[in-house]
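For reference, the structure is listed below as structure tokens.
The values are calculated or read from the model by the stated rules, or taken from the named source; none is laboratory data. These numbers were taken from a predicted model, which means no experiment stands behind them. Here the Cβ positions follow ideal geometry from the backbone for every residue, glycine too, while neighbour counts run over all protein chains shown.
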């Protein structure tokens, strides 16, 4: 449903607003990584845990998947800032773009539970 509404928005004159600004799309509540993992785990029926990595570990993981070292370090720094609360906010972007309130992660997780129940990557 949300994608249908985003598609309708993309075909309106309001798309120019979006093109000229950085859009931050959030749900109705700012969540920590641990809270998000708990919500997904509850929907999935099996625990999901967030593993905290230090800066070097994060950089190494990004590098291991083939990202250039400088980019890996930059992403790791962004992740540390986010973990410290730098993006702990909500926005009105979804409501403004779709004329609907954003759904919570819990609602999205419940609707997506079938996919997450079969995703072995979450069990690592």
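Looking only at the range 12-23, filter to residues that are under 18 Å from residue 89 (Cβ atoms) and surrounded by fewer than 12 Cβ atoms within 10 Å (Cβ to Cβ); which one of those is modelled with the highest pLDDT? Among those that are under 18 Å from residue 89 (Cβ atoms) and surrounded by fewer than 12 Cβ atoms within 10 Å (Cβ to Cβ), it is 22. Summed over the range 99-113, the residues that are in contact with a helix residue (DSSP H, G or I) (Cβ under 6 Å, 6 or more places away or on another chain), in a helix (DSSP H, G or I) and more than 10 Å from residue 26 (Cα to Cα) give a count of 4.
For residue 99, the conditions (1) surrounded by fewer than 14 Cβ atoms within 10 Å (Cβ to Cβ); (2) at pLDDT 85 or above; (3) closer than 18 Å to residue 23 by Cα are fulfilled apart from (2). If you go through the range 49-76 and keep only what is modelled with pLDDT under 95 and under 27 Å from residue 94 (Cα atoms), you end up with just 50.
With surrounded by fewer than 16 Cβ atoms within 10 Å (Cβ to Cβ), on the phi < 0 side of the Ramachandran plot and free of Cβ contacts under 8 Å to residues at least 40 places away in the same chain as the only criterion, which of 85, 66, 55, 41 stands out?
Numbers: 85 fails: on the phi < 0 side of the Ramachandran plot; 66 fails: on the phi < 0 side of the Ramachandran plot; 41 fails: surrounded by fewer than 16 Cβ atoms within 10 Å (Cβ to Cβ).
Answer to the selection: 55.
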